[in-house]
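Taking it in order: structure first as C-alpha cells, then the write-up.
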Amino acid sequence: MDRYKTIIGMIPKNTRVLDYGCGDGSFVERLKNNGNKAVGVDLDTELKIKDMKDNGFDVVTSICVLEHTVNPGIYLDDVKRVLKKDGLFIVCVPISISFNSILSQLFFNKSMVKSFTNIANSHVVGWDASTFTKLMDRMGFIYMGHVFQGGSSIGKLHIPFFGLRYNMIFKYKTKEE
C-alpha cells in the first residue's frame, strides 16, 4: 500500500494539518482533496516553520524527513510548538535494519553496494525502531502505534530484509505538560 494513503487514513477529515518537510507539496494537495485544511513548509517554500502559529495544527505529518535533519531535537521542538495539545504527529522514517544496510556495514563502504541499493546519500542518520521510539519519548511524545511499509510479512512476523524500501509510520500524541 502507498504510504501516503496509509497516512491519510490516520488523519481525521476536516482537521488542520501541517506537512513539515513537504517537498513539492503534492501530499498537501492530497490532504486538501481528502477534506483537510492543509499547508506545507520546507526549506524552499515561501512559508517557513517559524511563520506557523503556536498550537495551530491538529495534525503534523513528517514523511521521510527526520533522517535528513542534522538536529532532530530542534525539528521535534518545532513540531511540539505548532501542534495543539492532544494533537497527532504522524512520522514516517526509513528503518536502517535491512539487507542493504547490513551489506553496507559488512563492506564498510556504501559505494560498493550503492548500485543495487536504495540508500540515499543525503541521510544524516539511520534509525532503528527502538532508538527512534526512545527519542520520541524523551522529546515529549506518546507512542500510539505504527505501521510497516515495505519489506515482507509471514503471518505476524515482519521481515525487513526482503524489501527494497522499508519504512515505519509512527503515530504519536503530545504529552500533557
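Some points to look at:
- What the Cα atoms of the stretch 27-77 give is an Rg and a Dmax of 11.8, 34 Å.
- Volume of the Cα convex hull of the stretch 1-49, divided per residue and given in Å³: 71
- Interchain or long-range residues, amide H under 5 Å from residue 19's placed H: 39, 40, 41, 61
We did not get these values from a lab; they are worked out from the coordinates using the rules stated. Just so it is clear, the structure is predicted and the values come from calculations on it, not from any experiment.
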